[in-house]
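Chemist: Shown below is the structure under consideration.
The values are calculated or read from the model by the stated rules, or taken from the named source; none is laboratory data. Computed from a predicted model, the values in this text were never measured in an experiment. Positions of Cβ are backbone-derived with ideal geometry, glycine not excepted, and every protein chain shown enters the neighbour counts.
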Amino acid sequence: MVRFPLLAPLCALFAGCIEGNETIWLERDGSGRLSATYRMPALVMNNFGGAETLREHLLEAARGDPHVDLARVQHRSRRERVIFEFEGTFDSLENLVSFPQRRLRDPARPDVPVKSEALFGESTLDISPLSLTLHRSIDIAPVLPELVRKNPALLADSTVHYTVHLPVEAGQTNATTISPDRRRLEWRFRLRDHLDQPMELHAQAPLPLPWWIWFAGGLLAALVLVLLALAVRRVISSSRSTASRRP
């Protein structure tokens with residue numbers, strides 16, 4: 001147990017210590033872009049191996065991946081806080097959600113998560129012909145100092161904020177805020193409420209049918225109309241022929 005004289009300065013150090021803001025924009029073809037900014041004390045960043053090590057890790061992972069391009073990864077310090085930012089693009093959401101497992105883990109131990117995954121969490125993506133379902137679970141507790149995990153009050157109102165811009169209206173979701181057009185979903189989590197359970201994001205959206213299905217459907221409808229017209233003409237012609245042969 002931490003004595004009060006030690007707890008007081010630590011509260012000052014950790015008050016509002018961690019802030020996260022991540023945004024993803026999705027296009028209709030599944031591609032998109034992302035932007036993220038995290039602010040945390042150096043003590044927490046050191047659990048990632050340090051800001052520069054984390055930066056090199058992300059850049060190296062992206063350089064070897066043909067599906068995810070991190071155009072900018074940078075960090076700076078301000079008032080005992082480390083500000084870590086990255087942004088990039090991806091060719092499909094499916095490749096983005098699998099990026100941490102594919103590129104951040106040790107190839108010799110592909111089933112063992114690494115600390116840098118805490119920023120991305122674990123995601124599952126289910127795509128059917130008519131809908132897309134995304135579930136994401138983020139557990140940042142393992143990279144927090146043990147002192148903070150045992151004293152959640154040190155986190156004060158530390159929050160992380162996730163935003164997803166969809167190309168279509170969302171269906172079922174547990175988003176904290178949904179825009180009037182249901183295309184912008186926002187989640188806000190207080191970290192002190194998620195030291196013993198991960199943050200969960202869930203969203204489902206109907207997928208618009210591909211253009212070629214509408215085109216094929218139009219051709220099929222036109223063909224049916226043509227065949228129907230020919231059949232009607234044949235019936236009329238047959239009726240006239242029968243009537244002309246009557247005495």
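Chemist: I'd like the full set of residues that are modelled with pLDDT of 80 or more, among the aromatic types (F, W, Y) and in a helix (DSSP H, G or I), limited to segment 1-55.
Modeler: F48
Chemist: Given M40, M45, which one is in contact with a Cys (Cβ under 7 Å, 6 or more places away or on another chain), assigned by TED's automatic domain parsing to the domain that holds R184, within 27 Å of R149 (Cα to Cα) and crowded, with 17+ Cβ neighbours inside 10 Å?
Modeler: M40 is the lone residue from the list that is in contact with a Cys (Cβ under 7 Å, 6 or more places away or on another chain), assigned by TED's automatic domain parsing to the domain that holds R184, within 27 Å of R149 (Cα to Cα) and crowded, with 17+ Cβ neighbours inside 10 Å.
Chemist: Kindly provide the set of residues from segment 73-85 that are part of a strand (DSSP E or B) and either of a type in the set (D, E, K, R) or within 15 Å of the chain's Cα centre (by Cα) (or both), ordered by number.
Modeler: Those that are part of a strand (DSSP E or B) and either of a type in the set (D, E, K, R) or within 15 Å of the chain's Cα centre (by Cα) (or both): R76, R78, R81, E85.
Chemist: Anything in segment 128-166 that is among the basic types (K, R), within 21 Å of the chain's Cα centre (by Cα) and surrounded by fewer than 14 Cβ atoms within 10 Å (Cβ to Cβ)? List them, or say none.
Modeler: Residues satisfying the conditions do not exist here.
Chemist: So if I check each of L125, L104, L93, which one is closer than 21 Å to T173 by Cβ and either outside the structural domain of V68 (by TED's automatic domain parsing) or surrounded by 18 or more Cβ atoms within 10 Å (Cβ to Cβ) (or both)?
Modeler: L93
Chemist: Could you tell me which of the residues D126, D157 is assigned to a strand (DSSP E or B), charged (D, E, K, R) and on the phi < 0 side of the Ramachandran plot?
Modeler: So the residue among D126, D157 that is assigned to a strand (DSSP E or B), charged (D, E, K, R) and on the phi < 0 side of the Ramachandran plot is D126.
Chemist: Let me ask another. Could you give me the residue pairs with C-beta distances under 6 Å whose first residue belongs to segment 152-163 and is among the small types (G, A, S), whose second residue is not in a loop (DSSP other than H, G, I, E, B) wherever it lies, and which are 6+ apart or on separate chains?
Modeler: S158/L191
One line per residue, one yes/no per condition, for (1) under 21 Å from I140 (Cβ atoms); (2) among the hydrophobic types (A, V, I, L, M, F, W, C); (3) touching a strand residue (DSSP E or B) at 6+ places or on another chain (Cβ under 6 Å):
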| residue | (1), (2), (3) |
| --- | --- |
| G64 | no, no, no |
| R81 | yes, no, yes |
| V97 | yes, yes, yes |
| A108 | no, yes, no |
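Chemist: Could you say which residue among R76, R81, R63 is of a type outside the set (A, V, I, L, M) and surrounded by 17 or more Cβ atoms within 10 Å (Cβ to Cβ)? Reasoning before the result, please.
Modeler: On the way: R76 fails: surrounded by 17 or more Cβ atoms within 10 Å (Cβ to Cβ); R63 fails: surrounded by 17 or more Cβ atoms within 10 Å (Cβ to Cβ).
Selected residue: R81, the only one of R76, R81, R63 that is of a type outside the set (A, V, I, L, M) and surrounded by 17 or more Cβ atoms within 10 Å (Cβ to Cβ).
Chemist: Of all residues in segment 28-41, which are within 23 Å of R188 (Cα to Cα) and of a type outside the set (S, T, N, Q)? Write out each step before concluding.
Modeler: If we filter segment 28-41 for residues that are within 23 Å of R188 (Cα to Cα), which is where we start, we get 32-41.
G32, R33, L34, A36, Y38, R39, M40, P41 - these are the residues of segment 28-41 that are within 23 Å of R188 (Cα to Cα) and of a type outside the set (S, T, N, Q).
Chemist: Tally time: how many residues in segment 167-185 are over 9 Å from A203 (Cβ atoms) and either free of Cβ contacts under 8 Å to residues at least 12 places away in the same chain or surrounded by 15 or more Cβ atoms within 10 Å (Cβ to Cβ) (or both)?
Modeler: Summing the residues that are over 9 Å from A203 (Cβ atoms) and either free of Cβ contacts under 8 Å to residues at least 12 places away in the same chain or surrounded by 15 or more Cβ atoms within 10 Å (Cβ to Cβ) (or both) in segment 167-185 gives 9.
Chemist: Going by the conditions given, is L191 at pLDDT 85 or above, touching a Pro at 6+ places or on another chain (Cβ under 9 Å) and more than 30 Å from E27 (Cβ to Cβ)?
Modeler: yes
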